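Presented below is the structure to which this report refers.
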Amino acid sequence: MSEKAYLLVSAVIFALAAMLHIFRLLNHWSLQIGTVAVPFWGSWLGLIIGVALSIWAFRLMAQWSGSHQ
């Protein structure tokens, strides 16, 4: 897999994960992992991290594309 493809796949996966956190927050879905109920602040944290990583990957992909033509 090329670096550009890796960055694209990573960016899309992080964006999808961030969207799931948005849906959870908007619909007030409960989330439980084993016996532990995940609080809503966990989704806020996941949303922020997912968006940041997705933007970072898209920017790296754009820089990589521009410098490797």
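The values are calculated or read from the model by the stated rules, or taken from the named source; none is laboratory data. Note that this is a predicted model, so its numbers are computed, not measured. Note: ideal-geometry Cβ built from the backbone for every residue, glycine included; neighbour counts use all protein chains shown.
Yes/no matrix, rows are residues, columns are (1) among the aromatic types (Phe, Trp, Tyr); (2) at pLDDT 95 or above; (3) surrounded by 13 or more Cβ atoms within 10 Å (Cβ to Cβ); (4) more than 11 Å from the chain's Cα centre (by Cα):
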residue: GLU3; (1), (2), (3), (4): no, no, no, yes
residue: ARG24; (1), (2), (3), (4): no, yes, yes, yes
residue: ILE55; (1), (2), (3), (4): no, yes, yes, no
residue: ALA62; (1), (2), (3), (4): no, no, no, yes
residue: HIS68; (1), (2), (3), (4): no, no, no, yes
Inset, instruction - Any chance you could count how many residues in segment 12-43 are under 28 Å from MET61 (Cα atoms) and touching a helix residue (DSSP H, G or I) at 6+ places or on another chain (Cβ under 7 Å)? - result: 7
Inset, instruction - Determine, yes or no, whether TRP44 is assigned to a helix (DSSP H, G or I), among the hydrophobic types (A, V, I, L, M, F, W, C) and surrounded by 10 or more Cβ atoms within 10 Å (Cβ to Cβ). - result: yes
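Within segment 1-11, track down each residue that is without any contact (Cβ under 8 Å) to a residue 24 or more places away in the chain and more than 15 Å from GLN63 (Cα to Cα). Walk me through it before giving the result.
Taking segment 1-11 and keeping what is without any contact (Cβ under 8 Å) to a residue 24 or more places away in the chain, we get 1-2, 5-6, 9.
Of everything in segment 1-11, those that are without any contact (Cβ under 8 Å) to a residue 24 or more places away in the chain and more than 15 Å from GLN63 (Cα to Cα) turn out to be MET1, VAL9.
Here is a check on your reading of the model: is ILE33 surrounded by 14 or more Cβ atoms within 10 Å (Cβ to Cβ) and either in contact with a Gly (Cβ under 8 Å, 6 or more places away or on another chain) or aliphatic (A, V, I, L, M) (or both)? Even if it seems obvious, please write down each step before you answer.
Numbers: surrounded by 14 or more Cβ atoms within 10 Å (Cβ to Cβ): no; either in contact with a Gly (Cβ under 8 Å, 6 or more places away or on another chain) or aliphatic (A, V, I, L, M) (or both): yes.
In short, no.
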